[in-house]
Each structure stands twice: as structure tokens, then as C-alpha cells.
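Below is one structure, written out as C-alpha cells; comments come after it.
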């Protein structure tokens, strides 16, 4: 029975507001008092910049997450109500108190695969890098939990680096659907609240020509702007902690060490209160934080690989310090199994599918490096932090072994069996999702598995697959078949949000047809379930051959 909603109006929502970040952290002292702070500039101190969002023109309701609304106690009717739409499409001029007209944007550092970068900052010093188009507008305690709500595409901030501060409908549809799908897959993630687009406002973006195989955008196209509201316990990132760690390490200003200490304390309070005992000495809390984050991050990445997800651009600024999936830019769910799968043309092998554990390790290194200045006066505690950091690779490997064993329905991973499988999957070009789902039915022979094969197999390869299947079945002997199948099906999803499902949805949305978005919401919110035969025929199938290598379908160049 669906719970009766408790929040039916914007006034009701206002009662839940509780702005911990802006009340406990330090604003940039050079910020304007009225929130009109939309031009690129250096931000040399402070934890955030107060800034007003910029409303999109003529907002149109597209979708909301009914499931998440229910969890928060929000009435579905709110999503299309005038005041709520106004607020979450960027217009903060008429909000009931204690809701605030000013939102906030935060700065962060950039590390790519464990290397510090400054060149992306227009000032070449890291003081201009941060939320260029993401503006948080509300913190509230809803459903017994604290949530921060952030507008993606909410307009320019001092970190916009000369850009327009907008997101387009295409990327907004992708992020809106992906976040709720990841939640349904059981993977920690930011959540999707609402999706609004403008009926009249557009921006120009680089993109591909129809049917192109190009790796780089070829044309500028006019696209509708949109705002999706993403929600999380906080939007603190590794790159954000890293920014203050760098400033403290270099003594960039007199208050740098204090700013680092304060934001780390805030991270613990917002994300790790259950794991970190507040009565501990600060240095012990820091070590407990690093240990807890290491556990969360290794578990997260193992789960990404479990479902065939590739983050694409796993920089430190795209790595949530709370240990969940954040920033659905050039992400992708893999079709044919490829350890080097990378949906983003600018990502490179270092952020490819099976290199994600190593990328996570580099981000964890930057996280520990950022914490280190707080322990400079305690050499023994600093060494313990380094020990926690050195333990990342071993824990990551253990998480991966447990994950692969679970996908195969085994109590422990048999190395020879696993290595043989990986080689067969690559050689045969196997659909990652379909293969493991069909294996979860404990087939008598390889015929069901062949439904996942993208290429024809000769007799020799067929024999190798049959031999592998018999060996695998031998390792599962003694297990209750129905119980094992149910366990594997709860690990191996039937449906994943492939890019070639998304493209028609956002193409139709451009013309005001949102039916496919709503259909994908329904299907992808039940990724492990057996759905109707019509849905199975449409969404449980291999990628059509004509879509391979097509730009905007098999690969993307950016997340605008």
C-alpha cells in the first residue's frame, strides 16, 4: 500500500529546510551579498560561493521520479505545480520562508588518474575550477534523512570558465534516467527528483552528424536547455577535499588549514556519522573516515563492474566523497564485453571498464593526500593513514573476487574457470548483460548462452563453451537449483540502460513526446524482474549490428 504523501505544497517543503552547509561552513568573502555572482573569477578562499540560479525560460514539466517522491514524502502533484516547478527550474525569486533565494556553488581541484592538474583552470592556479553549472538550492531533512538538492544546468557561477551554465535536454534525460536506474540496481548513487525543459530557450552544442562514425563532434547544433534536479546526502567530492588539502599543504592563505579541518569535519557529519565516533580525537576520526571511505569506494566500483557500468570520466572531481555514483556525464552500460570499454572518446584506457579499480585507487590516493596535512604534527597517525591507503589494492581485489564469484553463483572464485570465461567472452564477443542473465537460469547446454553471442561460433569454439559450462556446473553441484538461480538473478540484472535505448527517448523528447522516457522509467526501475513479453522483446536483446561504432550511440564526446 502506497504511503500517503505528507508534503503537498512548497510551504510544506519549506518546513523541512535545514541548511547545514551554508550555516556551518565559510562563504567566499569576495562573494556578492545579493547572489548575483555569475561571471568567471578567482575564488581563493571559503568553502562555497552564494549564487542565485538562473531560471530557464518557459519551463515545461517532463518527468519526476514517483518512487523517490514517495520515499521523501512528496506528493506527485507537486512536480507539476506552479511554485515547485518555478523553484526547480531555477526561479528562486518567490520562495516562502525559510527557503532561501540564494543557492551555493563549490570549488574543487582536478586530478586525473592521480595527477594534479591546473591547466583547466583559466587562472592556471586552481582557483577557478568548480561547479560551473550545478547550483545547490536546498538542504532538507525528509524521510528521516538529510538531502541536498542541486540544479544541473542552473546557470552560470564564478566557476563557469566562460561557459553558459546550461545543460541540454539530451544529457539531462540521460542523467535523470540513469540515477534512478542505478538505485534500482542496488548501487549507491545520487538520485533524480525532477526534469524540466524550456519551451523556448536553446543553446548551441557540438555534436555528430546523423549516422556518423566520427570520434569527434562535427557540427554545432541548437538544443533545448533543461534542468534536472539531482539529490544526495551531500555533493562533497574527493576533488573538493583535495582543493582544501592543496591549499593547506602549500599554506596558500592563513586560514587554509582551518578550512581543510572544517570541511573534513563537515564530511564526517554529513556522510559518516554512523561509522565515525564523534567522541574520538580528531586524528582518530580522520583514520576512521579513510577506512570507511575505502570500504565504500571499493564496494561501489566492484558493483559498477557487476552490472557493466563504466563511469567514463572518473576524475577526483567526479568521485563522491560519500562513496556513491556521481556525475553521469560520459557514462555507459556495456553491450559486448570488452575489458577496455570506454564510452567517452576523451577518456582513454585509464578510465576504461576493467581499469576502474585502478582509477578508484588513484582517487583514494588523492583523498588521503588531502587529509594528510591534518596529521603533519602526528607522524604515527600519518603513517597509519598511509597504511590505510596501501591497503586499498588488496581490499579492491577482494571485493572484485567476491563480486565475480557472486555473478557466477559460486562460494569462491575458481581462477582457471574465471580466466577461461573471460577469454571465451572476448573471443566470442558476448553481450555482458544477456550472458550472465542466461547463465543465471542454470542452462542444460550452451544454447541459451548463445543468445548472447554477437558472432557465429565454429564447432571448436562451441566445444570449448560446452566444456566450460560443464566445468561450471560441476562447481555448483550440491546447490539447490532454484535457490541458486534466484540468487544469481538477484546479482545479474536482466535490463540495463543501454545508450541505444536512451537516444530515441531524448530524440522524441525534443519534439515534446515524453512517452519513451516514462516507459524507460518503468522498465529500468525493475532491472532484475521478469517483465512482460513485449518489454522483454524490446529491451532484452542484443545491440543491432547497424548501431555499432555509430557516434552518439556507441560513444559520446561530452556531457553538455
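The figures follow:
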item: Rounded to 10°, Cα long-axis angle of helix 459-475 versus longest principal axis of the chain; result: 70
item: Fewest-first ranking of 316, 81, 533, using other Cβ atoms within 10 Å as the exposure measure; result: 533, 81, 316
item: Contact order normalised by residue count of region 410-489, Cα under 8 Å, 6+ apart, percent; result: 39
item: Neighbour-count order for 111, 33, fewest beta carbons within 10 angstrom listed first; result: 33, 111
item: P(r), alpha carbons of region 239-403 - 5 Å bins starting at zero, rounded %; result: 1, 9, 17, 20, 19, 14, 10, 6, 3, 1, 0
item: Compactness of region 1-45 - radius of gyration and Dmax, Cα, Å; result: 17.4, 52
item: Difference of contour (0.36 nm per residue) and Cα-Cα distance, residue 350 to residue 444; result: 30.0 nm
item: Angle in degrees between helix 282-307 and the longest Cα principal axis of the chain, rounded to the nearest 10; result: 40
item: Distance between modelled label sites at residue 94 and residue 214, nm, 7 Å Cα→Cβ extension; result: 4.3
item: Those residues of region 255-285 whose amide nitrogen sits under 17 Å from the label point placed on residue 387, 7 Å along Cα→Cβ; result: 283-285
item: Inter-label distance for residue 81 and residue 458, nm, one decimal - labels placed 7 Å from Cα along Cα-to-Cβ; result: 6.8
item: Relative compactness, the chain, computed as alpha-carbon Rg over 2.2 N^0.38 Å; result: 0.98
item: Three-way shape label, region 410-489, alpha-carbon gyration tensor, a/c 1.5; result: prolate
item: Segments 121-130, 384-393 sorted - mean Cβ within 10 Å per residue, highest first; result: 121-130, 384-393
item: At R0 = 45 Å, FRET efficiency that the Cβ-Cβ distance of residue 67 and residue 221 yields, to 0.05; result: 0.85
item: Rg(Cα)/(2.2 N^0.38 Å) for region 18-119, N = residue count; result: 1.34
item: Residue 277/residue 402 FRET efficiency (R0 22 Å; Cβ-Cβ; nearest 0.05); result: 0.20
item: Shape of region 423-560, Cα gyration tensor, a/c cut at 1.5; result: oblate
item: Residue 414 paired with residue 546, simple spin-label distance in nm, labels 7 Å along Cα-to-beta-carbon; result: 4.3
item: Region 454-495 shape via C-alpha gyration tensor axes, a/c threshold 1.5; result: oblate
item: Highest-first arrangement of 404-414, 57-67, where packing means the average Cβ count within 10 Å; result: 57-67, 404-414
item: Volume per residue that the Cα convex hull of region 10-235 spans, once the total is divided by residue count, Å³; result: 150
item: Sites residue 380 and residue 295, calculated FRET efficiency, Cβ-Cβ separation with R0 25 Å, nearest 0.05; result: 0.65
item: Crossing angle, helix 379-390 versus the chain [Cα axis fit, 0-90 degrees, rounded to tens]; result: 40
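None of the figures in this text is laboratory data; all of them are computed from the coordinates on show. For clarity, every value in this text was computed on a predicted model and none was experimentally measured. As a convention, Cβ positions derive from the backbone with ideal geometry for all residues, glycine included, and neighbour counts pool all protein chains shown.
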